[in-house]
Every structure is written in structure tokens, then in C-alpha cells.
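The values are calculated or read from the model by the stated rules, or taken from the named source; none is laboratory data. Here the structure is a predicted model, which is why all the values come from computation and not from measurement. Neighbour counts run over all protein chains shown; Cβ positions are idealised from the backbone, glycine included. With ligands, DNA and RNA removed, areas are computed over all heavy atoms of the protein, side chains included. Shrake-Rupley method; radii C 1.70, N 1.55, O 1.52, S 1.80 Å.
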Amino acid sequence: MVARAAREIAPGMVVNLGIGLPTKVVNHLPADFPVCLHTENGMTGIGPTLPPERADRNLIDAGGAYVSTIPGSAFFDSATSFAIVRSGRLDLTMLGAFEVSASGDLANWKIPGKFSPGVGGGIELAQKARRVVVLTTHTDRAGNAKLKQNCSLPLTARACVSRIFTDMAMIDVTAGGFVLVEIADGVSVADVVAATDAPLHVPDGPLPRF
Amino acid sequence: MKLSDKRCSIQDAISAIKDNDTVMVGGFGVPGTPIALIHALVAHGARNLTLIKNDANEPGMGIDHLLQSGQVARLITTHLGLNSGAIALMNSGRLEVEFNAQGILAERIRAGGAGIKAILSDIGVGTELADGKQVVELQGKPYLVEPALRADVALIHADRADSFGNLAYVATARNFNPLMAMAADRVIAEAERVLPLGQFDADEVHTPGVFVDHVTELGELSEEYAVVRR
């Protein structure tokens, strides 16, 4: 799933990878792949993550991981960092999710009474990146569907998600709702339909596998 | 002509902070967090403070010392996810927390530093972050009024300074520091190196010294500034 999601990144893109599963996407890109990674705390051109003994104490990503520069990296303040996001210079962001609705609403920052650490830069990424894709498990730990007709949790942004990568399938959000596009090895269409709490349009004929 | 010398001790710089003050604190995680100034503020003891900081650092680090000492009544921030102690204080009602979208917090501070009263933004329209905010319609679309933020005091961490208070930052330790350095009535900067006047290339200055009131040179950095081993 993470390897499949990495194919979402086209050469030359400016990309922000959210905390969690999305940060692993970079491990599936060739070392010389032309992409500019952005992080909210003020850097473009993120290089490989470093272990503590080789880390620079002043160089982290927004998740707190110690990262490195590459030729062409730039540093800037937090206002400039979000100017990049809000002005449309971010081609793609990959985010985690608690819930995604059939109209592309995203909920990924708050579970009232359980989890409310604050939204950080998530709203601006979800609302303003030119393309928003979600990487998530298809269901939560209790087996509840994360893909639903409507979100029940507080929203991060409305109608922002274009595509969802899960451990079961790749699903697009269209004007007509969820569309099954590709399916994971060892999973049946019936499994995906059963694990999705909204109508899922299934095209005729065999689906590509990943 | 000659530029004034703003160097002073950490204690002298911090001594002007009063109970009930609003204090901006630079930093995103450890990088750029003015740890020595924070410890001096804990020792100083001013209470009922409002802090403005991107995040609450981690337990036992940065502004967590001020939260745990009970000096902070209110925190304006974007994310507390790495500080379970801060979340516990918030959930128990002992700490009032106002969450902002991160780039909006940055712009509210920038506006405060630029003499602008508020910004208009569509970030968070249709979500609970819009609750209670004034809405203005512009060219047929709704925008939230996000009031500018200023503080009584800003605590800044710089890599290098000169005695006039010109500042420069390194790597991701820049973050909110240059914005906050423009947005407070009294700006206190700790710097890893304070250069003699004339030794700081004018083209390398990130924050002009006119914004800065006090400069204090850090000696050997404490372990809290070092790489965090989790």
C-alpha cells in the first residue's frame, strides 16, 4: 500500500508527507527521484532521516524526526512555510485519517473526549494542497469502517480528499462517491465492500492488483 | 554614529516580566526554543501568564517547565501532541488552551508585528475552528476574521547576534522566532554567539536589531538543547 502510494508522486512535485504512514512513502522512492519535500516547520528539500548520533540538533521535520539537507535545500520561517501551502505551491499532500466521507470530507485531528492534541498544520494542508490523498488502514482497531457516507468526527476540511490508499484497496472520491480503482493482493471486492460504510462503485471487469 | 549596546544578563532581561503578562516563546520542538530564558522565567516566578507558542515541547523540556510550575493560565498554540503533561493540564481544566491552525498562528503574529489589526482567511471555514469567530463576506465568499496577536514580551532564540540585537537563525530553529521578534513590546533574545558590532554581515541579518530590546549571550549550552534521544 505504501509502495503503491509512492507512485502517486510525479517527478518535479512539491510534496508534504504527514506524520505516520505517509512519512514511510519516501522509502519507496529511488534515491535520485526528483521531488521537493516540504515540512511545516520551515524547510524544503528534506534529505534522509538521521540517527541521533549523526543528527543536527537544529534540524528536524514537523514530526520531530532528525532530517538532513540535500543540495538545494532551503530554510524559512513559519509564515513563509504556510504561504507555500496556502498559495497553491504544494502539489500534493499525503495525510492520515480517522474518517473520510464519500464526498471527500476528512476528519483526522480530534476524537472528542479521547484525543484532542490540536490541529497543527493539518487544516491548511488538507484545505490548500492542490491534491490531497489519504493513507490509512481501511478500518480502525475495533474493526469500524473509516470510509463512511458522512464523517461523525470534527472535520479537518470539507471535500478535500481525491484518493484513499488503504491496506485493502485504492479508492477514488468522485462526484458520485467512492469508486474502487485497485485492490490489494489477497483481498476480494466483497471484502472491501463489507469494510466500507458507504456505497462503493465497482467498475466492471477485473481490477488491477497491488 | 554608533549603535547602542543592548547586552545584559538573562536575569536583568527577565526581571521586567510581570504577573498576568502575555509572553511569546519561539521554537518548534527543541530547535529555536529559548531554553535558558524559560528557566530564568521559572526562577523569576511571574504568574498567571498567557503563553503563545507553536507547541508545548515535551515533558521536562522547554515551556513544559512553565506549565508544570503553574505559572501559565492560558496557552495559545497549535499542537500539544508530544506533551502528555500539557494535555493532562488542559483536560483537568488547570490550563486554558486556544488552538490555532499553525499557519494562521504565524500570520496573526506577523500581522501583530506589522501593525495590522487582523487578517481574513478561509482556513477552517465550515469546521469547529470557525466557531465563535467573526465572519466577513468578501466578493461573495465567507472569511474568518483572525485578530492580530501581540505580546508584552517575546523570548527568542538566535544562533548569532550582535550587541545592537541584529539576529540570525539556523536551520529549522528559525520557525516562529523572526515573527515573534517583531510582535512584542519587549523582545529578549538569547544568542549562541554575540558578535562585536561590524562583525555581522548586514546581508545576513534575519531580524533587524531595532525590534530587539535585550541580547544575552549563552555560555555552554545545557543538555536540554541537545539532540533528543527518544
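Check A:THR174, A:THR166, A:THR156 and return the single one that is open to solvent by 40 Å² or more (accessible area, probe 1.4 Å) and β-branched (Val, Ile, Thr).
Numbers: A:THR166 fails: open to solvent by 40 Å² or more (accessible area, probe 1.4 Å); A:THR156 fails: open to solvent by 40 Å² or more (accessible area, probe 1.4 Å).
The unique qualifying residue is A:THR174.
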*Collect the residues in region A:1-15 that are closer than 20 Å to A:ARG89 by Cα, among the small types (Gly, Ala, Ser) and out of contact with any Leu (no Cβ under 9 Å at 6 or more places or on another chain), keeping them in residue-number order.*
A:GLY12
*In region B:1-44, what count of residues is obtained for those that are open to solvent by less than 30 Å² (accessible area, probe 1.4 Å) and part of a loop (DSSP other than H, G, I, E, B)?*
11
*Tell me which residues, restricted to region B:62-85, are open to solvent by 30 Å² or more (accessible area, probe 1.4 Å) and on the phi < 0 side of the Ramachandran plot.*
B:HIS65, B:GLN68, B:SER69, B:ALA73, B:ARG74, B:HIS79, B:GLY81, B:LEU82, B:SER84
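So how many residues does region B:68-85 have that are more than 8 Å from chain A (Cβ to nearest Cβ) and either hydroxyl-bearing (Ser, Thr, Tyr) or more than 15 Å from the chain's Cα centre (by Cα) (or both)? Working first, answer last.
Kept after step one, since they are more than 8 Å from chain A (Cβ to nearest Cβ), are these residues of region B:68-85: B:68-76, B:83-85.
After this cut, where a residue has to be either hydroxyl-bearing (Ser, Thr, Tyr) or more than 15 Å from the chain's Cα centre (by Cα) (or both) as well, the list is B:68-71, B:73, B:83-85.
Of the residues in region B:68-85, 8 are more than 8 Å from chain A (Cβ to nearest Cβ) and either hydroxyl-bearing (Ser, Thr, Tyr) or more than 15 Å from the chain's Cα centre (by Cα) (or both).
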*asked:* Condition check: open to solvent by 30 Å² or more (accessible area, probe 1.4 Å), of a type in the set (A, V, I, L, M), touching a residue at least 12 places away in the same chain (Cβ under 8 Å) and touching a strand residue (DSSP E or B) at 6+ places or on another chain (Cβ under 8 Å). Does A:MET1 satisfy that?
replied: yes
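Take the residues of region B:91-102 that are more than 19 Å from A:ALA83 (Cα to Cα) and at the interface with another protein chain (Cβ under 10 Å from one of its Cβ atoms): which is most open to solvent (accessible area, probe 1.4 Å)?
To start, the set of residues in region B:91-102 that are more than 19 Å from A:ALA83 (Cα to Cα) comprises B:91-99.
Subset that is at the interface with another protein chain (Cβ under 10 Å from one of its Cβ atoms): B:91, B:97-99.
On the way: B:ASN91: 111, B:VAL97: 34, B:GLU98: 52, B:PHE99: 45 Å².
In this case the residue turns out to be B:ASN91.
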*Filtered residues of region B:169-227 (kept if polar (S, T, N, Q) and within 14 Å of chain A (Cβ to nearest Cβ))*: B:THR172, B:ASN175, B:ASN177, B:THR207, B:SER222
*Only one of these conditions is not met by B:ARG110: (1) assigned to a strand (DSSP E or B); (2) within 13 Å of chain A (Cβ to nearest Cβ). Which number is it?*
(1)
*Name the residues in region A:77-93 that are open to solvent by 20 Å² or more (accessible area, probe 1.4 Å) and facing chain B (nearest Cβ under 9 Å), would you?*
A:ASP77, A:THR80, A:ALA83, A:ARG86
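Mind telling me which of the residues A:PRO71, A:PRO34 ends up being more than 8 Å from chain B (Cβ to nearest Cβ), modelled with pLDDT of 95 or more and part of a loop (DSSP other than H, G, I, E, B)? Please lay out each step first, then the result.
On the way: A:PRO71 fails: part of a loop (DSSP other than H, G, I, E, B).
Unique residue meeting the criteria: A:PRO34.
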*Please go through region B:19-54 and pick out each residue that is more than 19 Å from B:GLY113 (Cα to Cα) and of a type in the set (Asp, Glu).*
B:ASP19
*Does B:ALA88 meet the test of being small (Gly, Ala, Ser), loosely packed, with under 15 Cβ neighbours inside 10 Å, more than 8 Å from every other protein chain (Cβ to nearest Cβ) and part of a helix (DSSP H, G or I)?*
yes
*Number of the exception - A:VAL119 against (1) open to solvent by 40 Å² or more (accessible area, probe 1.4 Å); (2) at pLDDT below 95; (3) among the aliphatic types (A, V, I, L, M)*: (1)
*For A:ILE60, which of the numbered conditions (1) at the interface with chain B (Cβ under 10 Å from one of its Cβ atoms); (2) under 21 Å from the mean Cα position of the chain (by Cα); (3) loosely packed, with under 15 Cβ neighbours inside 10 Å fails to hold?*
(3)
*asked:* When you scan region A:69-90, do you find a residue that is closer than 19 Å to B:LEU82 by Cα and not polar (S, T, N, Q), even just one?
replied: no
*If you take the residues of region A:8-31 that are within 19 Å of A:ALA97 (Cβ to Cβ) and of a type in the set (S, T, N, Q), which of them is modelled with the highest pLDDT?*
A:ASN16
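Is it the case that B:LEU105 is more than 11 Å from chain A (Cβ to nearest Cβ), surrounded by 17 or more Cβ atoms within 10 Å (Cβ to Cβ) and either in contact (Cβ under 8 Å) with a residue 24 or more places away in the chain or closer than 22 Å to B:HIS206 by Cβ (or both)?
On the way: more than 11 Å from chain A (Cβ to nearest Cβ): no; surrounded by 17 or more Cβ atoms within 10 Å (Cβ to Cβ): yes; either in contact (Cβ under 8 Å) with a residue 24 or more places away in the chain or closer than 22 Å to B:HIS206 by Cβ (or both): yes.
No, not satisfied.
State all residues of region B:45-61 that are away from every other protein chain (no Cβ under 12 Å) and open to solvent by less than 20 Å² (accessible area, probe 1.4 Å); if no residue qualifies, say none. If you could, list the steps in order and put the result at the bottom.
Residues of region B:45-61 away from every other protein chain (no Cβ under 12 Å): B:45-52, B:59-60.
Once the filter is applied, which keeps residues that are away from every other protein chain (no Cβ under 12 Å) and open to solvent by less than 20 Å² (accessible area, probe 1.4 Å), region B:45-61 yields B:ALA46, B:LEU49, B:LEU51, B:ILE52.
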